[in-house]
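Peer 1: I am attaching a structure below and will ask some questions about it afterwards.
Bear in mind these aren't lab numbers, they're just calculated from the coordinates by the rules spelled out. Since the model is a prediction, treat every value here as computed from it, not as a measurement. Here Cβ is always computed from backbone atoms with ideal geometry, including for glycine, and neighbour counts include all displayed protein chains.
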Amino acid sequence: MRNFTVLVRSYGLRQEFITPHSPEQNGLVDRGIRTLKEQYVHRHRFESLQHASRLIGDWIHFYNHRRPHQALNIRTPAQAYALAA
């Protein structure tokens, strides 16, 4: 685990953890990562870490602000969040 933390930090990243003993959060995170991989990462070739970071960031913005989600009554996550606030 320590080696992984060192590697993550060497890329300038910060780890975030779910609440301990909360399988619901784990399932949501796993599903989000799977969607990212299936719908974007596995379909693209990235020239560098910076290129991947920029394009994946663009996709995440699209996913949260422009892509309607069936589970959110055909709203984007940003719209659903705004309604909940």
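Peer 1: Please state the charge dipole magnitude for the chain, taken about the Cα centre, from unit charges on C-beta atoms (+1 on K and R, -1 on D and E), reported in debye and rounded to the nearest 20.
Peer 2: 160 debye
Peer 1: Using only the alpha-carbon atoms, what does the chain span along each of its principal axes? Please give whole angstrom values in decreasing order.
Peer 2: Cα spread of the chain along its principal axes, largest to smallest: 41, 36, 22 Å.
Peer 1: Net charge near I18: determine it from the other residues with C-beta under 11 Å of the C-beta of I18, scoring Lys and Arg +1 and Asp and Glu -1.
Peer 2: Its environment carries a net charge of -3.
Peer 1: Can I ask one more? Just want to confirm a number: the relative contact order over the chain, from Cα pairs under 8 angstrom separated by 6+ residues, in percent.
Peer 2: 12 percent
Peer 1: Work out which chymotrypsin sites (Phe, Trp or Tyr not before Pro) in the chain are exposed loop sites (DSSP not H, G, I, E or B, at most 14 other Cβ within 10 Å) and give the longest gap free of them.
Peer 2: In the chain, the maximal stretch lacking such sites is 47-85.
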